[in-house]
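To start, the structure itself, in structure tokens.
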Amino acid sequence: MTDKTPAKLADTAADAIRALNHATLGRQADWEYPGDAYSVVANLSQMAMTLPQAIDQVRSLVEFLNAHDNLRSDKGTLDADLAETFGGLDDAKAAAETLYAALNRAHSGLGPIAYQD
């Protein structure tokens, strides 16, 4: 088994965003110019652009397992639990698409902005 399982990679991504949050708390070296914000927004946009595919692939796994009768619910409410799962994944995908569009707008807005002494 590899260390690069989907769950581990998602955990690493979450850790990277937590580290980004700490690194952007205040002005410091490499976080002081509009170009720094431009670069961060570009990378966040790239991340957001790829989230819908990851969400679709999570959904695909659950649908496959369900189609092959490999799922059960500890609460005995599998149909309701799946409806909640799929509804949440649909909402998350739409939110990721909206996030991507918003970050693209921000990135475009930051493009012409420069530092002035």
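The values are calculated or read from the model by the stated rules, or taken from the named source; none is laboratory data. Bear in mind the structure is a predicted one, so any value in this text is a computation, not a measurement. Here the Cβ is made from the backbone with ideal geometry for all residues, glycine too, and neighbour counts use every protein chain on show.
Scan the range 9-33 for residues that are more than 21 Å from G109 (Cα to Cα), surrounded by 12 or more Cβ atoms within 10 Å (Cβ to Cβ) and either modelled with pLDDT under 95 or of a type in the set (D, E, K, R) (or both) and the total you get is 0.
The residue of the range 57-78 that is farthest from L89 (Cα to Cα), among those that are among the β-branched types (V, I, T) and either assigned to a helix (DSSP H, G or I) or touching a helix residue (DSSP H, G or I) at 6+ places or on another chain (Cβ under 7 Å) (or both), is V62.
Here the range 87-117 is the region considered, the condition is being among the aliphatic types (A, V, I, L, M) and within 11 Å of Y38 (Cα to Cα), and the residue that is nearest to the chain's Cα centre (by Cα) is L103. Can we say A96 is surrounded by 13 or more Cβ atoms within 10 Å (Cβ to Cβ) and at pLDDT 95 or above? Here the answer is yes, as A96 does meet what is asked. Considered as a group, the residues in the range 34-72 that are aliphatic (A, V, I, L, M) and in contact with a Phe, Trp or Tyr (Cβ under 8 Å, 6 or more places away or on another chain) include one that is surrounded by the most Cβ atoms within 10 Å (Cβ to Cβ), and that residue is A48. Looking only at the range 14-41, residues that are charged (D, E, K, R) and touching a strand residue (DSSP E or B) at 6+ places or on another chain (Cβ under 7 Å) come to 0 in all.
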